[in-house]
Amino acid sequence: MTISNPKKLAGIAGAALLIAALAGCGTAPEANPSSSAGAGAGDVVDGFKPCLISDAGGWNDKSFNESAKNGMDKAADELGVDPIEFESTNDNDYEPNMTTAISEGCTLIVSVGFKLAAATVEAAKANPDLQFAIIDDYADTDQDGKTDAPNIKPLVFNTAEAAYLGGYAAAAWSAEAGVNKVGTFGGIQIPSVAVFMDGYALGVEKYNEDKGADVQLFGWDVAGQKGAFTGGFDANDTAKQTAQSVLDQGVDVILPVGGPIYKSAAAAITDSGDDTLMLGVDTDLAVADTSVTDVTLVSIMKAIDVAVYDTTVAASTGEFDAAPYIGTLENEGVKLSSFHDFESKLPAGLTDELAALQKAIVAGDITVESKNSP
């Protein structure tokens, strides 16, 4: 059951998201969700009710909200339970949606994104017998370095590692074209956004070091932690203008970080009439939104769907573990997508170079150092 208007929630029969434990920080989510659920419907604990609350981006953002919903839907279908999914339309919906989820008997509540941290922490403290998970945040509202309640499981991703590969690929593409300029911009400057930009910048630096090249990056300064941001995650005129300000630097590859703002980047690219390409984030954007396939070089992915799926399945058997899950290249919680139609157009040897870089990162021979990594 999907709820799109929190003002109409009262009286709707609920099901609560029981957030299952992915074991510990280093444990990978299952690579193949369709085969990992060891529990049939008969194994589900009595009263198990999974729920999911989106941020204002909504279920059709082609990014982390939609990915979380896909994971929840798949788990619920296999477990034979009916989830309640609360779609927030603006920031004022978070607390009402959380309150309704609790009143409707949800036993596991998964929150999508840092904007729901305050509501999640308040609810978790007031309801210690319920289980919560939050995507892309540690729910550390008092900033003491610890999750604020023992019944909240953070699902976070060291996206800098995959973005490093994306930055290297973007630099290689731009250098091959003789442009030698790439760019990025973000929604709101928070760790889960800036971590993409850090990794991307470091990947460009690596390409320059390895190739003796001079590919310039516009829109983000790693050392100063300053760059181009829209101030939100909406695909609006502000986002398009921000994208345009980066495109005006002459870049031929751009990385928009912030869910729907990729639409604004695509619109700015179309208006420019140039052969500029962009990178997707969170999901494989060329597949998720075919309207931008022809301008999407590659995507920097987070396995949010798999993490939510595995968490829900584990919780359904009563095995909740609040230890943070951290997605990495090693456990396939983050990765680079296929280049799809651009595969045959890549610079010679690039895919082998990316594979070698990934192997080195996993082995610990290369450390992608980001101030924003989880």
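See the values below:
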quantity: For the chain, with +1 on Lys and Arg beta carbons and -1 on Asp and Glu, the positive-most of LEU202, GLY250, ALA315 along the dipole; calculated: GLY250
quantity: Mean Cα-pair separation over length for the chain, i.e. relative contact order, pairs under 8 Å, 6 or more apart, %; calculated: 23
quantity: Relative frequency of Cα-Cα separations exceeding 25 Å in the range 201-328, percent; calculated: 37
quantity: Average silhouette area of the range 267-374, convex hull of alpha-carbon atoms, in square nanometres; calculated: 9.6
quantity: Cα long-axis angle, helix 117-126 against the chain (0 to 90 degrees, to the nearest 10); calculated: 20
quantity: Simple label model, 7 Å out from Cα along Cβ direction - THR367 to THR270, nm; calculated: 4.5
quantity: Magnitude of the charge dipole, the range 225-313, Cβ model with Lys/Arg +1 and Asp/Glu -1, debye to 20; calculated: 280
quantity: Percent of beta bridges antiparallel (DSSP, the chain, rounded to nearest 5); calculated: 10
quantity: Three-way shape call for the range 47-147 based on the alpha-carbon gyration tensor, with the a/c threshold at 1.5; calculated: oblate
quantity: Residue-averaged [θ]222 nm for the chain, counting only DSSP H segments that reach four residues, each worth -39500 (n - 2.57); calculated: -11000 deg cm²/dmol
quantity: Rounded if a/c under 1.5, otherwise prolate or oblate - the range 305-350, Cα gyration tensor axes; calculated: prolate
quantity: Between 0 and 90°, nearest 10: helix 237-247 axis offset from the chain longest Cα axis; calculated: 30
quantity: Given the chain, longest segment not containing exposed loop trypsin sites (Lys or Arg not before Pro) (DSSP; at most 16 other Cβ within 10 Å); calculated: 147-370
quantity: All Cα pairs of the chain, percent lying beyond 40 Å; calculated: 13
quantity: Per residue value of the accessible surface for the chain (all protein chains in place, 1.4 Å probe), Å²; calculated: 39
quantity: Net length gained if the chain between ASP46 and GLU330 were fully extended (0.36 nm per residue, minus Cα distance); calculated: 98.7 nm
quantity: Sum of side-chain charges, ALA268 neighbourhood, beta-carbon under 14 Å (Lys, Arg +1; Asp, Glu -1); calculated: -4
quantity: Dimensions (Å) - the range 109-206, Cα atoms, principal axes, largest first; calculated: 59, 22, 19
quantity: FRET efficiency estimate (nearest 0.05) - Cβ-Cβ, LYS125 to LYS211, R0 45 angstrom; calculated: 0.30
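The values are calculated or read from the model by the stated rules, or taken from the named source; none is laboratory data. The shown structure was predicted, so the numbers you read here are calculated from the model rather than taken from an experiment. Quick reminder, even Gly has a Cβ in these numbers, built from the backbone with ideal geometry, and neighbours come from all protein chains shown. We work out accessible area using only protein heavy atoms, side chains counted, and drop any ligands, DNA or RNA first. Shrake-Rupley method; radii C 1.70, N 1.55, O 1.52, S 1.80 Å.
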